[in-house]
Amino acid sequence: MAAVSEDTASTCTELAPAKINLFLHVVGRRDDGYHLLESLVAFASVGDRVSIEPLPGTTSSATLSVTGRFADMIGGDPGDNLAIRATAALRGMAGTSGDILVRLEKNLPVAAGVGGGSADAAATLIALNRFWNLGLDRDALAAIGLSLGADVPACLHRSAVMMQGIGEELATVPMPSGLGVVLVNPLLPLPTPAVFADFRSFGHFAPVGRFDWQSTRDRQGWLDQLGRTCNSLEPPARRLLPRISNILDTLSQTGDCLLARMSGSGATCFGLFADWQTAARRADQLSGAHPEWWVAPGRLL
Ligand code: C5P
């Protein structure tokens, strides 16, 4: 596995790990229409990669260069990209100057329920904090991150957190170590607003705080408790994109799969496995049987 942070004399590089909602309960709705969530969020060793390097010039510009399997899905104005918006937001706060190049290796599918742009923004903030020697702590970065997207503060953690509110209330939680994960995405679009709209028509709010993640340290106890949770957005997503049901059925019938579920508002689903080696073996089989899906194994961080 490549390291999470990798620097050279002039370049700062960060992994932007895939964010996985191990469970996600919709527990209410704010006056502004945003849904209140309760979610156990973990991160995988598979992700995008963000590198910051200096460019000659003093116009305080940030140039975006995108490579990787899903580079083509990053379109439009680079100024709208969350990594570039993160550089502008941090620059605005810290008053730094100098031109920079932001290299984004887009390995994760876009708008897929695994963090994507939010993970890239978080990785950019962490890399720039080092690149510009700002010495900001995570709370300061999270305040900037929240202005960019509700998931960005969680993505700054890169280890398991309980998330409440719309993503701004975070508490670090222990997790069993060594678990493997397989991410599967059908490579079909599933817009987040449509999933929430379907939930509003047919879903029910879940009760808050029924589970205690702080004291669940043994693997089986943790898995048992996780099995009693759900992703409230899974039924809407299955209705809108029935392929998700195929993926979840396939994952749960895959040998050794401990739990199969959808992440975020989809369409990416995940299977948990006892260890990384098992996940990698099962991912090979799945991608052989379903070349039309994106299948990626990793470790839970
Ligand atoms: O956070 P993101 O920009 O992906 O959200 C897209 C849309 O999903 C929002 O405009 C809103 O309609 C819905 N959403 C929501 N409650 C949340 C997150 C997203 O209703 N907590």
Report summary line: Residues whose built amide H sits under 5 Å from the amide H of R29, excluding neighbours closer than 5 in sequence, are L36
**Report entry** Convex hull volume per residue for segment 116-264, taking Cα atoms only, in Å³
**Finding:** 144
Query raised in the report: Give or take rounding to whole Å, what are the principal axis extents of the alpha carbon atoms in segment 27-114, in descending order?
Result: 49, 32, 25
**Report entry** Angle between the chain longest axis and helix 82-94 axis [Cα atoms, degrees, rounded to 10]
**Finding:** 50
Query raised in the report: Using a 1.4 Å probe, how large is the accessible area of T250, given in Å² and rounded to the nearest 10?
Result: 40
Requested in this report: Can you send over the solvent-accessible area of F196, 1.4 Å probe, protein chains only, in Å² to the nearest 10?
Outcome: 40
Requested in this report: Provide, for q = 0.08, 0.15 Å⁻¹, the log10 of I(q)/I(0) from a solvent-free Debye sum over equal Cα point scatterers in the chain.
Outcome: -0.33, -1.18
Query raised in the report: Residues of segment 1-111: accessible area per residue at 1.4 Å, in Å²?
Result: 43
Report summary line: In nm, the gap between the two label points placed 7 Å beyond Cα toward Cβ at L64 and R239 is 3.3
Requested in this report: Rank these residues by their accessible area, most exposed first, probe 1.4 Å: R281, R69.
Outcome: R69, R281
**Report entry** Full-stretch length increase - T96, L55 - with 0.36 nm per residue and alpha-carbon distance subtracted
**Finding:** 13.4 nm
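Could you give the size of the charge dipole of segment 71-193 about its Cα centre, using +1 on the Cβ of each K and R and -1 on the Cβ of each D and E, expressed in debye and rounded to the nearest 20?
Values: 7 positive and 11 negative charges, 49 e Å.
Charge dipole, segment 71-193, about its Cα centre: 240 debye, nearest 20.
Provide Rg over Rh for segment 257-301; use the alpha carbon set for both Rg and the Kirkwood Rh (inverse mean inverse pair distance).
For segment 257-301, the value is 0.95.
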Requested in this report: Return one number: the angle in degrees, 0 to 90 and rounded to the nearest 10, between the long axis of the Cα atoms of helix 192-202 and the longest principal axis of the Cα atoms of the chain.
Outcome: 30
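Considering only protein heavy atoms and a probe of 1.4 Å, how much of the accessible area of the chain is carbon and sulfur, as a whole percent?
Values: 6360 of 12500 Å².
C and S fraction of accessible area: 51 percent.
The values are calculated or read from the model by the stated rules, or taken from the named source; none is laboratory data. Note that the structure is a prediction, hence the values are computed from the model and not measured. Cβ atoms come from the backbone with ideal geometry, glycine included; neighbour counts cover every protein chain shown. Accessible surface is based on the protein model in full, side chains and every heavy atom, while ligands, DNA and RNA are left aside. Shrake-Rupley method; radii C 1.70, N 1.55, O 1.52, S 1.80 Å.
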